[in-house]
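The values are calculated or read from the model by the stated rules, or taken from the named source; none is laboratory data. Nothing here was measured: the structure is a model prediction, and the numbers come from that model. Cβ sites come from the backbone with ideal geometry, for glycine too, and all protein chains shown count toward neighbours. Protein only, heavy atoms only, side chains kept; ligands, DNA and RNA dropped before computing areas. Shrake-Rupley method; radii C 1.70, N 1.55, O 1.52, S 1.80 Å.
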Amino acid sequence: MPELPQDQNTTEIPIPDNESERQQAVERYNILDTLPEEEFDSLVELAAIVTESSMSQMNILDHNRQWTKAAHGLESGTNCDRSEAVCAHTILADGSMEITDLSKDDRFKDASFVEHDPHHRFYSGYPLKTKDGFNIGALCVLDSEPKELSDTQRKALRTIAREIVSRLEIRRTQRELERLNREKDHFLRVVNHDIKSPLSGIVSSAHYLQNVWDGDRDELESMLSMIEISGRKLVTYTSELVSNSLEEGDSRLIVDEVQIDELIKDLILIYTPLAKTKQVDITTNFNISDSFKLDNEKFKLIVSNLISNALKFSSTGDTITVKAEIVDTEENRILHCSVSDTGIGIPEQYMDGLFTKNEKHRRLGTQGEISTGLGLPLVKQFVELHDGGVKVETEEGVGSTFYITIPEKQ
């Protein structure tokens, strides 16, 4: 059985090499300072029973403290200084740590819990190792008399420690499901509002033309304009919903040989009718001689979102320019692409968190186009999935330019 060095002073906190990442793992489980729970109390009691020990604990190691989530024969919900915690040594090991007599161990013989009540002598602990390999704490059993565990008892202690971690994983999964359910409910409310509104406009306009309209030309044009605007809102919104669905469900790259200039030209053809309706020009500037390896579908969504965004915030007489070039470097080929517009620009208050999902960043386009706030976060995610980067330069009343760089995938 592995023993740790005997020359560690209790005034020094033994720190794992991966302490920063380990601490992040502790925080992910959201277990610190929570109320007692029967499932953990029972497992800790079981550990004492199977090892024939008078005391047992489930301890979580925080920055500078050891917090006891559950205990048998001792008080739970307590803290002790991490520098005096035997479990702080246990989390350094891959397996169990057993000390027959703490009073004869130079690291702990002068500790208060050895010299004074409860006069601990025996200790055996097993790390609480997460599925990604971080020891967030330990399950330990203690006694007031020196002793040793049998191999069967050590195995039982390890099994119970693993069961504790499994319960923590279940709790974490449940919290994530609850979060996803809240997001789903919010999503459905948004869909109900943002799809029902333009649909109602289309249905009511069609009903009016069929049953009320008396032939007035100006009134006809007004109704047709309402139908057109509502229809474009639906097209934009459903496109962003599909993009968001892809964002949630696919984080893998499928690399293809892509002719970047041809791909962008095909996308521009799709947006040309809308550009003509808004009387916005779309121009291109390419410096590309051959194909480039990246994820074809994700790159389409990146460029499509940027062009759609530019159109949304452009007005009559504005210009959108799409540039792309491939630059050879010593290490790799880099794709540089930008989408510029001479539209209304982005107000300062929207810049912070522009690439994150945030309802506060939702704005209507120049003709009332709906934005879900999902497009730019998707762009950022898919660019970074390619190990690339995205940035924006903007000025209110002058326009915006989004720049992306993507290294070629192999």
Original post:
If only one of Leu311, Leu294 is within 32 Å of the chain's Cα centre (by Cα) and under 23 Å from Pro407 (Cβ atoms), which one is it?
Top reply: Leu294
Subject >> Residue tally, condition of a type in the set (A, V, I, L, M, F, W, C), out of contact with any helix residue (DSSP H, G or I) (no Cβ under 7 Å at 6 or more places or on another chain) and either free of Cβ contacts under 8 Å to residues at least 40 places away in the same chain or farther than 19 Å from Ile260 by Cβ (or both), over the stretch 295-331 >> reply: 2
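Residues that are open to solvent by 10 Å² or more (accessible area, probe 1.4 Å) and of a type in the set (Phe, Trp, Tyr): list the strands (runs of 3 or more DSSP E) wholly contained in the stretch 39-138 that include at least 1 such residues.
Numbers: elements: 55-61, 65-72, 79-81, 97-99, 122-129.
Once the strands (runs of 3 or more DSSP E) in the stretch 39-138 are filtered for at least 1 residues that are open to solvent by 10 Å² or more (accessible area, probe 1.4 Å) and of a type in the set (Phe, Trp, Tyr), what remains is 122-129.
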**OP:** Working carefully through the options Ile320, Ile326, Ile344, Ile282, find the one that is closer than 16 Å to Thr405 by Cα and hydrophobic (A, V, I, L, M, F, W, C).
**Re:** Ile326
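Quick check on Asp132: is it within 22 Å of the chain's Cα centre (by Cα), under 23 Å from Ala88 (Cα atoms) and modelled with pLDDT under 90? If you could, list the steps in order and put the result at the bottom.
On the way: within 22 Å of the chain's Cα centre (by Cα): yes; under 23 Å from Ala88 (Cα atoms): yes; modelled with pLDDT under 90: yes.
Yes.
Being small (Gly, Ala, Ser) and in a loop (DSSP other than H, G, I, E, B) is the filter here; which residues of the stretch 315-348 pass it? Please lay out each step first, then the result.
First, the residues of the stretch 315-348 that are small (Gly, Ala, Ser): 315, 317, 324, 338, 340, 343, 345.
Correct list: Ser315, Gly317, Gly343, Gly345.
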**OP:** Run Glu384 past the list (1) at pLDDT 85 or above; (2) within 27 Å of the chain's Cα centre (by Cα); (3) within 21 Å of Ile268 (Cα to Cα) and report the number of the one that doesn't hold.
**Re:** (3)
Original post:
For Thr283, are the conditions met, namely being free of Cβ contacts under 8 Å to residues at least 60 places away in the same chain, of a type in the set (S, T, N, Q) and in a loop (DSSP other than H, G, I, E, B)?
Top reply: no
Original post:
Pairs under 6 Å by beta carbon, first residue free of Cβ contacts under 8 Å to residues at least 24 places away in the same chain and within 21 Å of Ile91 (Cα to Cα) in the stretch 110-127, partner of a type in the set (A, V, I, L, M, F, W, C) and surrounded by 13 or more Cβ atoms within 10 Å (Cβ to Cβ), six or more apart or different chains?
Top reply: Val114/Leu102; Val114/Phe108
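Is it fair to say Phe40 is under 30 Å from Thr173 (Cα atoms) and aromatic (Phe, Trp, Tyr)? Step through it out loud before you land on a result.
Values: under 30 Å from Thr173 (Cα atoms): yes; aromatic (Phe, Trp, Tyr): yes.
Criteria met by Phe40.
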